[in-house]
Amino acid sequence: MDIIDDYTTERTCQYKDETYLVRDNGSVYRMQKSEGKLRKDDAKWTFGIKNKTNGYMYIGKHRIHIIVATAFLGEMDSKIYVVDHIDTNRCNNRIDNLRWLTRLENALLNENTRRKITYLCNGDIMEFINNPSCLRDLTNDPDVSWMRTVTAEEAKSAYARLQAMNIRFDMPTVPKFHVENEEMKRKELAEALSWNRKQNTDWHFIAPNDGQIELDTPVFTKAEFPSTALQKDWKTPTRFICCPEDSSRTSIQNYYDNLSIGKTFSLNEYCEHRVLDFALIDDDKIIIVATKNVDPEALKPFGLLKIYHSGVQFIHENLGTYFEENGVRKDFALEQGIEWNGPDCIDDYC
């Protein structure tokens, strides 16, 4: 028997003006609209197509895990709740692997985010649970900075709900910061989130303590230019032409203002990329940039990346390369939460 037919329960679900049949094994069947033509993904069972940028499974423009959760667990407010993959595998959309969590609950379960909160809140995650205002203005990291608006009631409620669900997570043990006044404390914590040089080109996110304990974050590569730029998932040292040279007095908005379509964005020993399109997302904390290689013979000439500010440097994270412009345009739209209405391309199947 085909794995797609290995299921126990099947339900009907309305989601984003579409009607689906949904199975508890994580597969979906999109119904043809009565007034429209039969679309490519209509009238057939599928587990979806994996999006190379974010790792989720999609049918058309919609994430399958949200459809499955809506069908079996009910609809929730997407501004407050997210669908969590219990085993962290974004391709496993079986209903027993999904649960609705608030955005804060989901963040507390993420080990890297939890470590950042711990360091920011004087080395104790429970300081955040009891008093989220301990974050104050200590970071511009988009994974954490949105939590400045979390109330003490919300934090305690999230923690209590995780406990009630029998969800346990390790609390990182980190050194307390003992300093004489608030100004020194803020300086000490800011240094805890600084990006310190490890070798010639490899950088780690490390904490200022006697053991130099490294956090579980990826190795970053120092950009060739400017000194305020780091690269993530991008090994060749690159010159970022539009990146501000003074990160202490500039922001993501300043970087955004330096961009324009057709302008050279990056240069290295192998290629030159120019800006194809760009946009601000996540409450203007992140820039996404679509680029095009000037070399007409480049095999995959299009690229997509996101830029965010660590509080010390501008991080340039590679999201992927593409054979066709429609490929990068599609993921550029999806990163903004915009439905893609363009045609399919070879990147959908590679």
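Here are some notes:
- Excluding same-chain neighbours fewer than eight residues apart, the lysines reachable from residue 79 by a Cα-Cα span under 20 Å are 16, 61, 156, 285.
- Each of 120, 162 has some number of other Cβ atoms within 10 Å of its Cβ, and from fewest to most they run 162, 120.
- The alpha carbon gyration tensor of the range 3-100 gives principal lengths a ≥ b ≥ c with a/c below 1.5, which makes the shape rounded.
- Only Lys, Arg (+1) and Asp, Glu (-1) charged, at Cβ; the range 1-128 dipole about Cα centre in debye: 600 debye
- From the alpha carbon centroid of the range 81-152 to that of the range 8-76 is 28 Å.
- A protection proxy built from the mean count of other Cβ atoms within 10 Å ranks the segments 5-12, 59-66, most packed first, as 59-66, 5-12.
- Segment residue 165..residue 297, full-extension length gain: 42.0 nm, with 0.36 nm per residue of separation and the alpha-carbon distance subtracted.
- Relative to one another, the C-alpha centroids of the range 255-302 and the range 326-342 are positioned 16 Å apart.
- Label-to-label distance, residue 233 versus residue 31, with points set 7 angstrom from Cα along the beta-carbon direction: 3.7 nm.
- Neighbour-count order for 147, 126, fewest beta carbons within 10 angstrom listed first: 126, 147
- Value of relative contact order over the range 3-100, rounded to a whole percent, pairs C-alpha under 8 Å and six or more apart: 24 percent
- Each of 242, 345 was scored by other Cβ atoms within 10 Å of its Cβ. Arranged with the fewest first, they read 345, 242.
- At R0 = 45 Å, FRET efficiency that the Cβ-Cβ distance of residue 270 and residue 89 yields, to 0.05: 0.85
- What the phi angles of the range 83-91 give under the Karplus curve with 6.51, -1.76 and 1.60, with θ = phi - 60°, is a coupling list of 8, 9, 8, 4, 8, 6, 8, 6, 8 Hz, glycine and proline written as x.
Here, each number is a calculation from the coordinates, and none is a lab measurement. Just so we're clear, the structure is a prediction, and the values are computed from it rather than from any experiment. Because the Cβ atoms are built from the backbone with ideal geometry, glycine has one as well, and the counts that use them run over all protein chains shown.
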